[in-house]
Amino acid sequence: MAKKRIFSGIQPTGIIHLGNYVGAIKNWVNLIEEYECVFCVVDYHAITIEHDVAAFQENILTAARTLMACGVDPQRCRLFVQSHVPEHTELAWIFNCITPIGDLERMTQFKDKSQQHRENINAGLLTYPLLQAADILLYKAQVVPVGEDQVQHIELTRRTARRFNTRYGETFAEPEWMLTKTAKIMGLDGKTKMSKSLNNYIGVLESGDSIWEKLRTATTDENRKRRKDPGDPDICNLYTMHKAFSPQATVEEIDPQCRAAEIGCVDCKKILFENMMKHLEPIQQKATELEKDRDAVIGALEKGAASCREISQQVMDEVRRKVGLR
Ligand code: AMP
Ligand code: TRP
């Protein structure tokens with residue numbers, strides 16, 4: 001039986017943090033064997049908010065390098081940059097022309113981002129989910145691994161497929177979303193989701209010294225004010241990170257130790273730090289090797305794009321024909 005096709009994307013924001021790693025990339029790597037995977041660095045999505053033009057190409061390459069270092073192996077899946085395949089924006093335009101504005105104005109991410117970037121509520125921010133729908137439907141992907149926050153966009157993608165089919169004839173199947181099982185990683189403040197814009201993150205490629213400095217000062221269960229106070233792992237962000245990076249046995253040990261105040265936060269953080277670095281060191285090593293071999297990364301992305309264009313050009317031919325464009 002043919003493998004189901006997966007599509008997912010990540011924005012080149014300049015830093016890939018532990019939230020991205022645990023919430024998305026680690027999951028992608030696990031799917032490569034079982035599915036035919038198409039993974040994309042979505043640079044057109046990234047320019048819906050103000051971006052650093054001078055650093056943009058470097059940020060795209062860093063994102064690709066980090067993905068590859070994490071195990072998104074371009075030999076075993078398609079890995080490419082969105083703007084290298086022009087059919088993405090072409091299909092998005094067609095979707096623009098069949099989607100009521102109201103559907104887009106309802107999107108939570110649009111509402112959030114228009115709050116955050118009041119000085120720049122551009123049309124691209126509004127139609128962002130249709131570019132995402134184009135990403136997915138251009139490859140007729142069946143499954144889309146995403147975090148909870150993206151489910152609404154996948155629902156819109158399904159609606160867009162239905163709308164297109166009703167208007168122009170059966171073309172697209174409705175893709176399913178696959179929710180990332182791991183818990184959301186909170187930022188170092190323990191209060192908000194780890195994210196680049198809130199500057200509360202740990203980067204996958206950060207040095208051990210820098211990571212320790214951030215962990216050392218990270219907020220734990222705030223009710224635990226003194227060493228002898230019992231803590232509650234359920235509300236401690238560091239415990240969520242233990243679940244992502246420490247062996248199961250350690251995770252199970254720490255829970256009662258924390259509740260009984262047998263272990264202090266600093267010691268708990270030291271254990272976490274060690275396990276985290278065991279995870280990150282091989283990734284960082286690989287990323288350093290790839291940094292020295294830029295041409296290999298650029299070559300892999302070009303190969304990925306060429307292979308994607310074989311699919312996207314066919315699908316766009318079909319779409320143009322159905323819409324009466326050619
Ligand atoms: P973004 O950086 O918003 O483009 O996110 C890329 C991917 O990482 C998405 O699938 C998100 O769901 C996931 N992600 C981002 N931040 C976190 C976080 N703090 N915890 C878990 N997953 C996250
Ligand atoms: N909007 C997604 C995010 O912010 C990124 C993305 C773009 C994406 N295109 C996609 C995710 C297609 C899944 C499928 O995380």
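Structure notes:
- Percent carbon-and-sulfur accessible area, region 229-326, ignoring ligands, DNA and RNA, probe 1.4 Å: 50
- In degrees, nearest ten, helix 87-96 long axis to first principal axis of the chain (Cα): 80
- Evaluating 6.51 cos²θ - 1.76 cosθ + 1.60 at θ = phi - 60° for every residue in region 30-46, the Karplus couplings come out as 5, 8, 4, 5, 7, 10, 8, 9, 10, 10, 10, 8, 8, 6, 5, 5, 5 Hz, glycine and proline recorded as x.
- Local net charge near Asp112, Cβ-Cβ under 14 Å (Lys/Arg +1, Asp/Glu -1): +2
- Using θ = phi - 60° and Karplus 6.51 cos²θ - 1.76 cosθ + 1.60, couplings along region 170-184 (whole Hz; Gly, Pro as x): 3, 9, 10, 7, 7, x, 9, 8, 10, 6, 5, 6, 5, 5, 4
- Computed from backbone phi with θ = phi - 60° and the Karplus coefficients 6.51, -1.76 and 1.60, the 3J(HN,Hα) list for region 99-114 is 10, x, 4, x, 4, 7, 5, 7, 5, 4, 5, 5, 5, 4, 5, 6 Hz; x is used for glycine and proline.
- For the chain, convex hull volume per residue from C-alpha positions, Å³: 147
- Nonlocal amide H pairs with Val85, under 5 Å, H built at 1.01 Å: none
- When Rg and Dmax are taken over the Cα atoms of region 208-287, they come to 12.8, 42 Å.
- Restriction of the GluC sites (Glu not before Pro) in region 3-69 to DSSP coil positions whose beta-carbon has at most 11 other beta-carbons within 10 angstrom yields Glu33, Glu34, Glu50.
- Angle between the chain longest axis and helix 151-168 axis [Cα atoms, degrees, rounded to 10]: 10
- Comparing mean-square fluctuations of Cys97, Cys236, Cys70 from a GNM of the chain with C-alpha springs under 10 Å, the top value falls on Cys97.
- Think of each Lys and Arg Cβ as +1 and each Asp and Glu Cβ as -1; about the Cα centre, that makes the dipole of region 208-287 roughly 220 debye.
- Candidates Arg158, Arg224, Arg309: whichever shows maximal mean-square fluctuation once the chain is modelled as a Gaussian network with Cα springs under 10 Å: Arg224
- Left without a cysteine partner by the 4.7 Å Cβ rule in the chain: Cys40, Cys70, Cys97, Cys236, Cys258, Cys265, Cys268, Cys308.
- Per residue solvent-accessible surface (Å²) - the chain, probe of 1.4 Å: 49
- Farthest positive-ward along the chain dipole, Cα basis, beta-carbon charges - from Leu138, Ile263, Ile202: Leu138
- Modelled label reach - Cys97, point 7 Å along Cα→Cβ, region 155-197 residues with backbone N closer than 19 Å: 160-172
- For the chain, the longest principal axis of the Cα atoms and the long axis of helix 294-323 meet at an angle of about 40 degrees.
- Value of relative contact order over region 208-287, rounded to a whole percent, pairs C-alpha under 8 Å and six or more apart: 34
- Charge dipole (debye, nearest 20) of region 267-326; +1 at Cβ of Lys and Arg, -1 at Cβ of Asp and Glu: 400
- Net charge contributed by nearby residues that have their C-beta within less than 12 Å of Tyr139 (K/R +1, D/E -1): +1
- Residue of Ala218, Ala92, Ala287 that the Gaussian network model of the chain assigns the largest fluctuation, springs spanning Cα pairs under 10 Å: Ala218
- Pairs from Lys111/Lys196; Lys181/Lys303; Lys214/Lys286; Lys243/Lys303 whose Cα-Cα separation, in the structure shown, is over 27 Å: Lys181/Lys303; Lys243/Lys303
The values are calculated or read from the model by the stated rules, or taken from the named source; none is laboratory data. This is a predicted model, so every value here is computed, not measured. Glycine also receives a Cβ, built like all others from the backbone with ideal geometry; neighbour counts cover every protein chain displayed. Side chains included, ligands, DNA and RNA excluded: accessible areas come from the protein's heavy atoms. Shrake-Rupley method; radii C 1.70, N 1.55, O 1.52, S 1.80 Å.
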